[in-house]
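Single-structure report; data block below.
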Amino acid sequence: MDNDSNTGKSKSSRQPGGIAIKDPVMVGVFFSIVVVFLTIMYFYIRNKKRGRSIIIVGPSEAGKTAIFIRIGFGKDVDTVTSTSPNITEYEVPGDAKAPLILKDLPGHEKVRMKYWDSNKIGVRGILCVVDAAGGSKSIRDAAEVLYDVLTDSIVNSVKPDILIFANKQDLPTAKGTKVIRLQLEREITTLRLTKSASLESISGNSSASSKMLGRLDRDFEFDQLYPMKVEFAEGIGNGEEADLKVIFDWLQKVA
Amino acid sequence: MLDLFVIFSQGGIVLWCCQGSKDIILTSVNALIRSVILQERTGDNCYEHGQLTLQYKLDNEFELVFVAGYQKMLKLSYVDKFLDDIHREIRDRFRTKLADKRFHAIGLAIEDLYAEVLQKAEVWGIQIANQPKSMRTFEESRKSKKTVASMIERPGDKTQDKKNVKNKKQESNKTISYHGDVNENEENEEAMDAEIFDSNGTGDGGYQEGDFELPKLVPKGIQRKPGPGKFTKSPKSKTMKAEKDKGKKPRLWELGGSPKDLASLDRTIKDSDSSTISLQEINPDQSILGKMKGMIKPLEVVEDDKKKESGVLNLFKGLVSGKTLTIDDVTPSLEKLKDHLISKNVASEVAVKLCESVATKLNGKVLGTFQTVSSTVRSALEGALLALLRPKRQVDVLREALEARRQGRPFVITFCGVNGVGKSTNLAKICFWLIENDLRVLVAACDTFRAGAVEQLRTHSRHLNALHPPKGGKACVELYEKGYGKDAAGVASEAISYAKDNRIDVVLVDTAGRMQDNEPLMRALAKLIRVNEPDLVLFVGEALVGNEAVDQLVKFNRALADFSDQTHPRLIDGMVLTKFDTIDDKVGAAVSMAYITGQPIVFVGTGQTYTDLRALDSNAVVAALMK
């Protein structure tokens, strides 16, 4: 009898401490499943969640880098065309929350999409800077940028706050926010038409742009993007008369 | 005397700028950035803008750019040394501060340092200039590079050699036209090249530097007097061209081909009333209706699983291993990648320049812990190729056509290119796309030379009208033709005014194919473009072309610039890449063409039916290239 119980004990893999673990392979499988699950959850949440970054986009020569320096450092510097993004942290005054991450992305068409794709994760708010004194060409460029931003899949799932800033109000030809808003809406209505791809497209790129903005039966209006909040503001990016109070207020709201 | 010196970060913040009118300085710097850095032409560190020459130096460790500018005619020799010195000084003094990117906003205060280094460099320049020219050492001379055997002269052998080469030449002339044997051609070309190299007297290859100067492609606004029918050609290309022309059978009309034969050759009089040709004779394929509505589908290039960096390692990328890249480190990987690109049909000069540009951008860069040199080089090259293929301005034809309609004028697109690339076929495809999107099109048959060109376009327009029946009494596609032998520019301008009167939205102008060396034809093309001022000048090139693409585009652009007497001549605005279905993944022609002109590839033709029209998908093309 003793022999039987002894052999019985040795056969079952009993660990010291009394935990009955059947098989080391099972442990390994269990752990790997947990790790895979956690990684998937991590990426899923990362893409869905609102992070702390505020992204500054817009066409080239709109004044993004100048505004970035103003907000982040409170200074005035000369700027040239950016070829890579500027990133800094911004402490919202009077707020105990974690600082916001300001990202100024280059607006030049050659590099715009590359940096947008790599920086859009964890977006909380988007500041789109438009040159209000640039005429219809700059409105068209701005509308293209906005269209790409608004049809982006991550933007549609996270739904960040958007502020469209009409810059360069110190110039005589600058237009006000109402006019800019109307022109942008008209432009995006046209873009919607020309960029809508047919349904049989295969490549991943076109499926993103096939999402139609707003309501199809009417002309596009920014109100149709509800629940995504789009606001308009105007001001002066840099120089002696720099007036960015609206942006600071918006940042405080978004934080 | 330096006119300007600027230090700025790659994020666009100016760290220091010497005294001077800021507007002019920043305009020149912006032009430099747009033309050089963003166009991936950072290989040679010189750039000319207006009256200034700008020399620049990239610091990839701290992501700074140093730019020094001086009057173009001065040709200062010490600027290189000055840039190196000041780069080193600033790096040494501000190393800790520069590592913190936030410092960029604060800027540097280096007036004294600048003055000091500049003076040292100037003094050095004067010293060098005053030095007597030292004799070359034996190693540097040409003699040491020749082999001993080539220098031994034996009178008998020399004449024998010349005879052999001459025979080969004659042979080649005869054989090419009849056999077109590829191997033989290559051999003969090489033999002829060898002879030409020796006759030049330079032992370092017959390709002259002046033939391929990229900066000159930018329209300068300086009047270039066209020489009497002269293009500077390297002897190599001249002989190859001569061979080619001799190889092609000359066009021989049995009747002699003089103008009085025009009557018998002109087919336009017969069956002119197209309405009587019953639609029963045309059986269009109705299934293609509706397939081209909206934006053109992007290209599909077969690609395997994309290599993506795993997300886990991305988290560790921030850790810096401290290894700094130098030119020697990256050269072997770059060489391999360059050969790979050339094997994918990228023109060799373009591949070389691209690799040089990537090397300049990587010099001094600090590697992350989990990054290898080859992977860094590969991703840098991929980034460069992607940036190259992305257009610097979006050409949205539909959008611009609607804009032109709003302004009450027709949107004019002109197609130009060499013979046989597919201009008329792709014109028909683009016409189909436009009428699918509810625009009315007028096709202007300005190819008044090639037999059957007008008939071809008439057949296309009939087919397209059968597919899209007339709306409200007006046909979707109309053809404007004036037969053969007329002046193309005149036909085009008449077509445009006809379109304007009849409120037609888009005018597609088809021109005759012409070789880039044919001066009278290039003049005629430049005249057509100058007189009619089309909204879009599209160069049609086939994807099969290799190094020829470089030559074609350079000469076309040059001809358009030279033969138009405007300060801002119209150059090629975009390209159509045709016959894309004939190449599997050797998609390099797209890169060569985009690099030469810097203009976007607007359409890609992938077959001979109306629906075979695609838009360029840069990601897919780069993936196919780097595979």
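The values are calculated or read from the model by the stated rules, or taken from the named source; none is laboratory data. Predicted model, so just to flag it, every value in this text is computed and none were measured. As a convention, Cβ positions derive from the backbone with ideal geometry for all residues, glycine included, and neighbour counts pool all protein chains shown. These accessible areas exclude ligands, DNA and RNA; they are computed on the full protein's heavy atoms, side chains included. Shrake-Rupley method; radii C 1.70, N 1.55, O 1.52, S 1.80 Å.
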Among the residues listed as A:149, A:155, the single one being more than 14 Å from chain B (Cβ to nearest Cβ) and at pLDDT below 85: A:155
Scanning segment B:376-393 for residues that are within 9 Å of chain A (Cβ to nearest Cβ) and without any contact (Cβ under 8 Å) to a residue 40 or more places away in the chain gives B:383
The condition of being without any contact (Cβ under 8 Å) to a residue 40 or more places away in the chain, surrounded by fewer than 16 Cβ atoms within 10 Å (Cβ to Cβ) and at negative phi holds, among A:110, A:75, only for A:75
Per the filter on segment B:400-448, residues crowded, with 22+ Cβ neighbours inside 10 Å, within 14 Å of another protein chain (Cβ to nearest Cβ) and of a type in the set (Asp, Glu) are B:436
Name every residue in segment A:113-127 that is surrounded by fewer than 22 Cβ atoms within 10 Å (Cβ to Cβ) and β-branched (Val, Ile, Thr), in order of residue number. A:121
Return yes when residue B:542 is at pLDDT 85 or above, open to solvent by 20 Å² or more (accessible area, probe 1.4 Å) and among the acidic types (Asp, Glu) and no when it is not. yes
Do you know which residues across segment B:522-536 are part of a helix (DSSP H, G or I), hydrophobic (A, V, I, L, M, F, W, C) and out of contact with any Lys or Arg (no Cβ under 7 Å at 6 or more places or on another chain)? B:524, B:526, B:528, B:531
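Residue-by-condition table, conditions (1) facing another protein chain (nearest Cβ under 9 Å); (2) within 29 Å of residue B:352 (Cβ to Cβ); (3) open to solvent by 10 Å² or more (accessible area, probe 1.4 Å); (4) under 19 Å from the mean Cα position of the chain (by Cα):
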{"position": "B:13", "(1), (2), (3), (4)": "yes, no, no, no"}
{"position": "B:17", "(1), (2), (3), (4)": "yes, no, yes, no"}
{"position": "B:20", "(1), (2), (3), (4)": "no, no, yes, no"}
{"position": "B:28", "(1), (2), (3), (4)": "no, yes, no, no"}
{"position": "B:37", "(1), (2), (3), (4)": "yes, yes, yes, yes"}
{"position": "B:49", "(1), (2), (3), (4)": "no, yes, yes, no"}
{"position": "B:52", "(1), (2), (3), (4)": "no, yes, yes, no"}
Go through segment B:370-393 and count every residue that is more than 17 Å from residue B:597 (Cβ to Cβ) and of a type outside the set (Ser, Thr, Tyr). 10
From B:389, B:398, residue being within 26 Å of residue B:45 (Cβ to Cβ) and within 28 Å of the chain's Cα centre (by Cα): B:389
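A quick yes/no check of all residues on (1) within 13 Å of chain B (Cβ to nearest Cβ); (2) within 30 Å of residue B:5 (Cβ to Cβ); (3) of a type in the set (A, V, I, L, M, F, W, C):
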residue	(1), (2), (3)
A:68	yes, yes, yes
A:71	yes, yes, yes
A:76	yes, yes, no
A:100	no, no, yes
A:111	yes, yes, yes
A:116	yes, no, yes
A:124	no, no, no
A:130	no, no, yes
Going residue by residue through segment A:87-97, is there one that turns out to be over 25 Å from residue B:618 (Cβ atoms), open to solvent by less than 50 Å² (accessible area, probe 1.4 Å), without any contact (Cβ under 8 Å) to a residue 40 or more places away in the chain and within 12 Å of chain B (Cβ to nearest Cβ)? yes
With respect to residue A:87, is the statement that it is within 16 Å of the chain's Cα centre (by Cα) and among the aliphatic types (A, V, I, L, M) true? yes
Test residue B:604 against the stated conditions and say whether it is of a type in the set (A, V, I, L, M), within 14 Å of another protein chain (Cβ to nearest Cβ) and crowded, with 21+ Cβ neighbours inside 10 Å. yes
Unmet criterion (only one of (1) within 14 Å of chain A (Cβ to nearest Cβ); (2) open to solvent by 100 Å² or more (accessible area, probe 1.4 Å); (3) modelled with pLDDT of 70 or more) for residue B:127: (1)
Over segment B:464-508, the set of residues of a type outside the set (Asp, Glu), touching a helix residue (DSSP H, G or I) at 6+ places or on another chain (Cβ under 9 Å), outside any helix (DSSP H, G or I) and over 14 Å from residue B:448 (Cα atoms) is B:468, B:475, B:476, B:477, B:503, B:504, B:506, B:507, B:508
Give the residue that is nearest to residue B:37 (Cα to Cα), with candidates limited to residues of segment A:98-107 that are open to solvent by less than 10 Å² (accessible area, probe 1.4 Å) and outside any loop (DSSP other than H, G, I, E, B). A:104
Those helices (runs of 4 or more DSSP H) completely within segment B:326-416 that have 3 or more residues that are of a type in the set (D, E, K, R) are B:327-343, B:348-362, B:397-406
Do any residues in segment B:91-116 that are more than 14 Å from chain A (Cβ to nearest Cβ) have Cβ atoms under 6 Å from those of residues that are modelled with pLDDT under 75 and buried (at least 16 other Cβ atoms within 10 Å of the Cβ), where the two are at least six apart or on different chains, and which pairs are they? B:97/B:103
Reported set for segment B:62-80 where residues are in contact (Cβ under 8 Å) with a residue 60 or more places away in the chain and open to solvent by 60 Å² or more (accessible area, probe 1.4 Å) is B:74
Scanning segment B:320-376 for residues that are small (Gly, Ala, Ser) and surrounded by 14 or more Cβ atoms within 10 Å (Cβ to Cβ) gives B:333, B:347, B:348, B:351, B:357, B:359, B:364, B:368, B:374, B:375
